[in-house]
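Only the coordinates and a few stated rules stand behind these numbers; no lab work does. Computed from a prediction, not measured in an experiment: that's the story for all the values here. Using ideal geometry, Cβ is built from the backbone for each residue, glycine included, and neighbour counts are taken over all protein chains shown.
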C-alpha cells in the first residue's frame, strides 16, 4: 500500500487562470520521484471555507501528506497558514526570532524602494512570522517561511506542508522540507515506481490506441502497467508507471511500440526534441539561425530557452513585414510576387537568408498564415511552410496545415520546425541507431 | 444563495505537468460571467477511482453543476464518460446515428493518413459514440461528442457536463452546452457578480496590503468585497468581485487605490500592457521593431501574439551572438569592447539598429544575462538593459536586475520592455488623462 498525497494550490488568480500554476506539476514530479502516489491537485480560491474544504477532502481520501502552495504573502487574502493551523487544531503564536530574520531579509526591499511605508512592511513581516504550535519552520527563501504542520496531537490525519506560491521560493523550500526528519519519517513507507516515457511525432493518437489493443491481444499483460497517452503540441507521449516487478512486461510493451512505430518514435529516454537538436548541434560543432514570419520569433526563443544555447545559436530575423523579408532576410522580391509570402520558395529563401545573413551552418525558414485573418481557399489559415537548410546543401522543406487558433498555429509550428531540424541533423525520423 | 460549480480536469499528463491546463481557467471565467460561484478546480489522474472521488467531492460540497474536461479520446485511459455514467446511475448504450456522424468526421483522418488501420479507427469511433441513458449529446467539434448527464432519476445531485480536453474543441462545445435548455434551467438561479481588475507595475505587493489596511481604517467596508491581489510577471493585479449592491463601496475602494498609486496604476479596464501598446501604435499609425539578445525573440513573439499585429510590427533581429549584434543589428563593435554587450550603450545601439535596419518608428533593444552562467560581480545574472527609442529622438533606457531562474529573467524582461514602450508612447507611467 503506497503513501498517498494531495496538493492544494491556493489562489483565486490561479483558479481563474490569471496565473498558470507551475507548482502542482513540479511537486507532482517530486512526489513521484519519492514513490508517493499523487492522486489529485486541488486548485482553490482564497476563501477560508474553501481552503478548509480542500484539507478536509484530502483527509477523507486517506492522504497521509498534503502539500499546499501559496497564500503566505503579506496581503489579507493570504490565509493558508491560519487555515492549516485551525484545521490541525494548533493555535498560532508569534515566533520573534523568525520575525527578526524576516526583517533582515526585507532590508533589500527597503533599499530598493526607499520611500516605502515602513510600518506597513513591519505589519506584513509580523504576519509572516506567526507559527502554529508544534509546527516545523522552513526558513524563508523569499520573505515567507514555510511550515510542516502535524495532525492534532493523538489524532490520525495528514501532515500538511505549507509552501509559498512563487516557484523560485517553493522549489528550494520543498527540498529543505523533504530533508527534515519530520518528512523523512512520513515518507518511509513509500513504494518505488518506475516511470518511462516514449515520444512519437507525426501520427494520430488512435494509432497508439490500436497498438495497446494489439499488445494485449498478443499476450502482453499491459493491464499490470499504468499507461497514459496524450497528444501534446503535436507529439504523442506514452507514459508508463509500473512497479519494479513488472519490468519485463514493460520491456515487451516498449518493444511492441518500437516495432509498430519505428519511423515516428523519436525519444525513449525522456529527451525532448529540443534536447536532441541541441545535442546534435553541439556534437557537430555547428550553429543555427532562423528567419521567421508567422512565428514572430518563437522558434528563436525556443532555441535560446536552454542554458548554454549561445554555443550554437547565432540569432534570427523576425521577418514579419514583407519588406523585412527582402531587405534584411535577403528574400528575392520576385519570389514573393510570384509564389506569395507563404510558399515553399520563400521558406527556402528565408532559411538560406538566415545562413548567409547570420553566418550559421543551419538555417530555419518559417512562413505561414497564423490567422484569424489572411486565409484564402488555396492558402487557408493554418498553412505553414517550413524549410531547414544546411550550408552544405542538404535541405528539408515541408508544409503543414495546423488546426486551431492563432496561438495553436504559432506554437505547433515551433514543434514542426524543431522536428525538421532534428531530421536534417540526424538524417532519420525515428530514434537513430536502433 | 448563488449556484456553486466545480471543474474536474482529468488527465495524468495535466496532473504531472506535461500538459498545462488551459480549460480550468477558461471555464472558470465562463462560470463567473454567468454568475456561478466557482470554488474549486480538481485535477485528477486517469484512474476511475480517482475520477469517481472527484465527482463525489463536488456532490458533497453541494455543487449543482460539475464540468469535466478530458478523457473522451480514443485510448483506453479515456474513461470519463463511463465513470460519469456510473456515478449518475445511467447505463451506457451505443448511439448508432452518432456513431455514423463521427465516422464521417473521421474521413479527414483517413485522407490524411491513408495507411491507417481502419479497424482501429472503427473501434475508437464506436467507443466515442457510447451515451449514458437520459444524457444530452453535444455534437463533436473534433471527434468526441460531449454530454450533459443529469443526476439519477429522483435523486438530488449535480448535473455533470462532460467536455473534451482539447481547448479548441472544449470552448465552442461549452457555448453549445450553455445554450441548451437543460443547462439554462440549471443556471436560472445564478447571481450576477461584478468583476473589476486594477493592474499596477513597479511596486511591491506589500504596498497594496497597506492600501487595503488604510482603506479599511478610512471607513471603507472592504470586507463586503472579495478582493484578491497577486503578483504576476512583475505586475500587481488587484481583482475585486462584488454583488451589484456593493458598487459604491467598490468605487470608494478603487479611488483609494488610485489616490495612493497614481504613478504605477496602468490599467483599470481589464486591458493588459500588450493591448495598450498595440492601441497606441495603431492610434499613432506607427511601427515597431526589436533587436533582442537575452530574450532571444520573446519580445517580438509577444508583440506578434495578437491578431492584426502585422499592421504595426515590422519584425526583429535576434542578436544572440555578438557578431550578429554588429553585423546585422548595426551595433558598433567598439561599444561592445568598451562597455560590454550588456550595457546601456549597447541596448541603445540595438534599439537604434532596429529602427534603421527594419525601417520602424519605434525600436526596442534588450540585452542581459539570463543565466545560469555568465554573471560577474559587477554584472550579475538577471541584469538586463533596455532601451526604447523613437525615430524622432525620444528614448527611455533602464536596467533591471530580475531575480529567479533563466525562464523568469527572460519572461519578466518581456514585461519590462512592453512597459517601457508604453511609457515612451504615452509619456506617462500611470493611466493617462486622469
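The two copies B and A are related by a rotation, and the chain B beta carbon nearest its axis, with distance in whole angstrom, is B:297, 1. Hydrodynamic radius of the protein assembly as shown by the Kirkwood approach over all distinct alpha-carbon pairs: 28.8 Å.
Go ahead and run the numbers for FRET between residue B:334 and residue A:194, Cβ-Cβ distance against an R0 of 51 Å, rounding to 0.05.
Values: r = 57 Å, r/R0 = 1.12.
Taking R0 as 51 Å, the efficiency between residue B:334 and residue A:194 is 0.35.
Beta-bridge orientation, chain A: approximately 60 percent antiparallel, per DSSP, counting only bridges with both partners inside. Per residue of peptide A:289-299, the mean number of Cβ atoms on other chains within 10 Å of the residue Cβ is 6. Taking every residue in A:324-332 and counting other chain Cβ atoms within 10 Å of its Cβ, the average works out to 3. For helix A:247-260, what angle does its Cα long axis make with the longest principal axis of chain A, in degrees from 0 to 90 and rounded to 10? Here the helix axis deviates by roughly 20 degrees. Sorted from greatest to least, the principal axis extents spanned by the alpha carbons of region B:299-429 come out as 41, 31, 25 Å.
Just checking the output field for A:10-23: average partner chain Cβ neighbours within 10 Å of each residue's Cβ?
If you average over the peptide's residues, the count of other-chain Cβ atoms is 6.
Between helix B:96-105 and chain B there is an angle of about 30 degrees, using the helix long axis and the longest principal axis of the Cα atoms.
A point 7 Å from Cα along Cα→Cβ stands in for residue B:29, and the other copies hold the same point at 2.7 nm, listed in rising order. Its Cα gyration tensor gives region B:79-129 an equivalent ellipsoid. The semi-axes, each the square root of 5 times an eigenvalue, are 26, 11, 8 Å from largest down. Extension gain, residue A:423 to residue A:126: 0.36 nm times the residue separation minus the Cα-Cα distance gives 101.2 nm. If both residues of a DSSP beta bridge must be in the protein assembly as shown, then about 60% of such bridges are antiparallel. Distances, shortest first, from the label point of residue A:333 to those at the same position in the other copies read 3.2 nm; the point lies 7 Å along Cα to C-beta. Once Rg and the Kirkwood radius are both taken over the C-alpha atoms of region A:107-262, their ratio Rg/Rh works out to 1.20.
Percent relative contact order of region A:4-187, based on C-alpha pairs within less than 8 angstrom and at least six residues apart?
On the way: 320 pairs, mean separation 42.4, N = 184.
Relative CO of region A:4-187 lands at 23 percent.
Label sites at residue B:378 and residue B:175, each approximated as a point 7 angstrom past Cα along Cα to Cβ, lie 5.7 nm apart.
Only Cα pairs under 8 Å and 6+ residues apart enter the sum, and on that basis the relative contact order of chain A stands at 11 percent. Residues considered: A:108, A:322, A:125. Largest GNM mean-square fluctuation over chain A, using C-alpha springs under 10 Å, is found at A:108.
Taking other C-beta atoms within 10 Å as the exposure proxy, A:56, B:196 rank A:56, B:196 from fewest upward. Label positions at residue B:2 and residue B:104, each projected 7 Å from the Cα along the C-beta direction, are separated by 4.2 nm. Using just the C-alpha positions of region B:194-267 as equal point scatterers, what log10 of I(q)/I(0) does the Debye formula give at each q in 0.20 1/Å? Ignoring solvent entirely, the Cα scatterers give -0.79. Neighbour counts of C-beta atoms inside 10 Å place A:222, A:336, B:369 in the sequence A:336, A:222, B:369, starting with the fewest. Based on the Kirkwood approach, the hydrodynamic radius assigned to region A:4-187 is 16.6 Å, with every pair of different Cα atoms included. So how far apart, in nm, are the two label points at residue A:184 and residue A:356 if each is 7 Å from Cα heading toward Cβ? Reported label-point gap for residue A:184 and residue A:356 is 6.5 nm. Against the longest alpha carbon principal axis of chain B, how many degrees, from 0 to 90 and to the nearest 10, is the axis of helix B:23-33 turned? Roughly 80 degrees, rounded to the nearest 10. Helices in chain B, meaning DSSP H runs of at least 4 residues, each add -39500 (n - 2.57). Divided by all residues, the mean residue ellipticity at 222 nm is -12000 deg cm²/dmol.
In this assembly of identical copies, the label point of residue A:219 (Cα plus 7 Å along Cα-to-Cβ) is separated from its counterparts by 8.7 nm, sorted shortest first.
When the Debye formula is applied to the Cα atoms of chain B, each taken as the same point scatterer, what base-10 log of I(q)/I(0) results at q = 0.09 Å⁻¹? Result of the Debye calculation: -0.77.
The ranking of B:379, A:127 by Cβ neighbour count inside 10 Å, starting from the fewest, reads B:379, A:127. Region A:35-60 and region A:272-318 have Cα centres lying 41 Å from one another.
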